[in-house]
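A short write-up of the structure that comes next.
The values are calculated or read from the model by the stated rules, or taken from the named source; none is laboratory data. Just so we're clear, the structure is a prediction, and the values are computed from it rather than from any experiment. Here the Cβ positions follow ideal geometry from the backbone for every residue, glycine too, while neighbour counts run over all protein chains shown. Note: areas computed on protein heavy atoms with side chains; ligands, DNA, RNA excluded. Shrake-Rupley method; radii C 1.70, N 1.55, O 1.52, S 1.80 Å.
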Amino acid sequence: MEALILFGMVLTLLFIGLPVGICLGLTSILFITFFSHDSLSSVAISLFGAGQHYTLLAIPFFILASSFMSTGGVAKRLINFAIASVGHFRGGLAMASVLACMMFAALSGSSPATVVAIGTIAIAGMRQVGYSKEFASGIIANAGTLGILIPPSIVMVVYAAATDVSVGRMFLAGVIPGLMAGGMLMLAIYVVARIKNLPAEEWKGFGNLIRGGKDAGWGLFLIVIIMGGIYGGAFTPTEAAVVAAIYSIFIALFVYRDMGPLKGETWTKETDAPAARVGFNGTVYGVSFFLVWEIMSFFALSGSEAMTAGVRAIIGVVLGALLALFYVSKRGAKLETSLVSCIAQGMPIWGRNFSLMARGFFPALFGEETRKTMLDGTKTTIMLMFIIANALLFAHTLSAERIPQAITEWMLGVGFNWFTFLIAVNILLLIGGQFMEPSGLLVIVAPVVFPIAMELGVDPIHLGIIMVVNMEIGMITPPIGLNLFVTSGITGMSLARVVKAAMPFVAVLFVFLILVTYIPALSTALPYAIMGPEIVQ
């Protein structure tokens, strides 16, 4: 009876039109006041506990990193690299859009951010070469959902906080399903492209692919820092979020220079002598290799007694210097300029850029664009944390009334097994995902279904991935599918047209959901191999 009252109040408030967070919090307070023996002081304790949750602290920093990586320059570089990789296939530009969404998902952890960053550029590009607006919009709406499946994922952090499972294992569990979902969407595009004779881009050679990778490299290296740092034991997922935020700010402001006072300032200028540019580029490659080596070797070899920090640094300096000398000697030979002369002429370019960065450091950190980006990230954080805090309060009310335990006993009593239970979970989440924001829905449902899953022998990490995939589909199903609204906003199409455009590819995600649900190894193989199984106390 208590469960019917509690969920009935939530649904009533939702249909009235109140925001999700207020519905959850108000329902909990009213229920505790009039129907429960629990004290109202538990409300304050629960809300305070949400603010003190260490795992949830990762969310604002991942959002901040996403905000800085959502600049047009990063997205454009990823799209160019994706086109260089798969653009030469039939339907290649559409497939490149999916690949770009996959890469950006690994930087942002957010589906709406992925749709906005990639969609604004990719949809316009697809329209220019002959794709219909509906086809392009349907692809981006679906591919954008990968933002919460490919790690790092904000929704995975929420699930880990709600169920006390490992964030690291959840991130690993999303790798294979994320690549598989992207691959299935790309395969579907290729089949449609062959049928409809969609255009293919010209293959411009491996040199173009390398240049695309080089341009996107500093953005993509964020993936290495996050995943390598976590699984190399350098820092926790929450600390990884902080590192990601700082790295993203530095890359956007001072390396890519897509925003702030250095915007438009290139590292080299037309007035620089060819030999100076060669010397500068060579030393850039050497320094870049050294930095990458130091970070990668620290993640991989920090526990080694033989490979100390000093030894790693010496190896990095030697290898970086050899790379720089090789580049300068190859390029400098065409200019008939000595190796030493090229490097010497390149030093003033370093000085000029360091001078620019020093003068622009504080204006960049406190400038208008930076403040606006941080404000946008703060708004998103406050909105999301408000929903999560109220959802955790709702989850506390459920636990206090022993509603999850009652549902568990009922389901076991009527003969549910793991197979039929997962069907029920999918149906529940698919329906709920049509009406609620993923994080809020997940915090409500996870505490209810988690004990049942444990009783039936379902792996907690496998259950988490199933829930995340359901949240993906929820983001592209009306009436509250967030990706639909975002796609509608960036294309100017009506919501009904976006829904119609997205539906054919939603069928691909439904097939993917069935595979993920009933092939647990897709989710568990990687975390088991690297970290071992999740042990639930």
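Structure notes:
- The relative contact order of segment 391-451 comes to 69 percent, based on Cα pairs under 8 Å that sit 6 or more residues apart.
- Cα-based shape type of segment 209-263, given that a ≥ b ≥ c are square roots of the gyration tensor eigenvalues and the cut on a/c is 1.5: oblate
- Counted residue by residue at 0.36 nm each, then reduced by the alpha carbon distance between them, the extension gain from Glu369 to Ser41 reaches 113.9 nm.
- For segment 23-97, alpha-carbon Rg over 2.2 N^0.38 Å: 2.05
- FRET E, pair Ser132, Arg359, Förster distance 45 Å, beta-carbon r, rounded to 0.05: 0.40
- Membrane-span-like helices of the chain, defined as complete DSSP H segments with a Cα extent of 30 Å or more along the helix axis and a mean Kyte hydropathy of at least 1.6, are identified as 175-196, 495-518.
- Projecting the Cα atoms of Phe394, Gly320, Ala333 onto the charge dipole of segment 317-447 (Cβ charges, centred on the Cα centre) puts Ala333 farthest toward the positive pole.
- Label zone at Leu335, where the point sits 7 Å out along the Cα-to-Cβ direction: segment 256-291 residues whose backbone N lies under 19 Å: 266-288
- Across segment 377-417, Cα-Cα pairs farther apart than 13 Å form 64% of the total.
- Summed over the residues of the chain and divided among them, the accessible surface reaches 43 Å² per residue at a probe radius of 1.4 Å.
- Shown are Thr370, Thr120, whose ranking by accessible area with a 1.4 Å probe and every protein chain present, most to least, is Thr120, Thr370.
- Size of charge dipole - segment 174-261 - debye, nearest 20, with Cβ of Lys, Arg +1 and Asp, Glu -1, no other charges: 260 debye
- Taking every C-alpha pair closer than 8 Å and separated by at least 6 residues, the mean separation divided by the residue count of the chain gives a relative contact order of 22 percent.
- Short-range pairs are left out: with C-alpha atoms under 8 Å and at least six residues apart, the relative contact order of segment 177-313 is 17 percent.
- Positive-end extreme of charge dipole, the chain - chosen from Ser28, Ile59, Ile246 (charges on Cβ): Ile246
- Accessible-area value, Glu455, 1.4 Å probe, nucleic acids and ligands omitted, Å²: 120 Å²
- In plain terms, if you count all Cα to Cα distances in segment 240-379 and split them into 10 Å steps from zero, the share in each step is 11, 29, 30, 23, 6, 0 percent.
- For segment 257-303, the average shadow cast by the Cα convex hull is 4.7 nm², which is a quarter of the hull's surface.
- Pairs exceeding a 26 Å alpha-carbon distance, out of Lys214/Lys263; Lys76/Lys269; Lys204/Lys500: Lys204/Lys500.
- Note on segment 90-195: Cα-only Rg and Dmax are 14.6, 49 Å.
- Here the gap between Ala521 and Ala3, fully extended at 0.36 nm per residue and compared with their Cα-Cα distance, gives a gain of 183.1 nm.
- Note on Val511 and Gln434: the extension gain reaches 25.9 nm, defined as 0.36 nm multiplied by sequence separation minus the Cα-Cα distance.
- Taking the Cα atoms of segment 139-245, the ratio Rg/Rh between the radius of gyration and the Kirkwood radius comes to 1.06.
- Accessible heavy-atom area order of Phe421, Phe289, Phe485, highest first, probe of 1.4 Å: Phe485, Phe289, Phe421
- Computed over segment 365-462, the convex hull of the alpha-carbon atoms projects to a mean area of 8.3 nm².
- Summing charges over neighbours of Pro533, with a neighbour being any other residue whose Cβ is under 11 Å away from its Cβ, gives -1 when K and R count +1 and D and E count -1.
- Every Cα-Cα pair in segment 442-537 was counted, and those over 20 Å apart are 49% of them.
- Estimated [θ] at 222 nm from DSSP helical runs (n ≥ 4, -39500 (n - 2.57)) normalised by residues in the chain, nearest 500: -26000 deg cm²/dmol
- Using the Stokes-Einstein relation with a Kirkwood hydrodynamic radius computed over Cα pairs, the translational diffusion coefficient of segment 306-396 at 20 °C and a viscosity of 1.002 mPa s comes to 115 µm²/s.
- Magnitude of the charge dipole for the chain, about its Cα centre and with charges confined to Cβ atoms of Lys, Arg (+1) and Asp, Glu (-1), is about 1920 debye.
- Net charge of neighbours whose Cβ lies under 10 Å from the Cβ of Asp258, counting Lys and Arg as +1 and Asp and Glu as -1: +3
- Cut-off 15 Å (backbone N to label point 7 Å along Cα→Cβ of Ala424), residues of segment 443-486: 445-458
- Each part gets one Cα centre, and for segment 3-17 versus segment 241-310 those centres are 53 Å apart.
- Averaging Cα coordinates gives a centre for segment 57-115 and one for segment 506-537; these two points are 24 Å apart.
- Long-range tail of P(r) for segment 359-399 (Cα pairs > 12 Å, %): 67 percent
- For the chain, taking Cα atoms only, Rg and Dmax work out to 25.3, 87 Å respectively.
- With all protein chains modelled, accessible area of Glu265 [1.4 Å, Å²]: 60 Å²
- Residue-level accessible surface for Trp267, protein heavy atoms, 1.4 Å, Å²: 70 Å²
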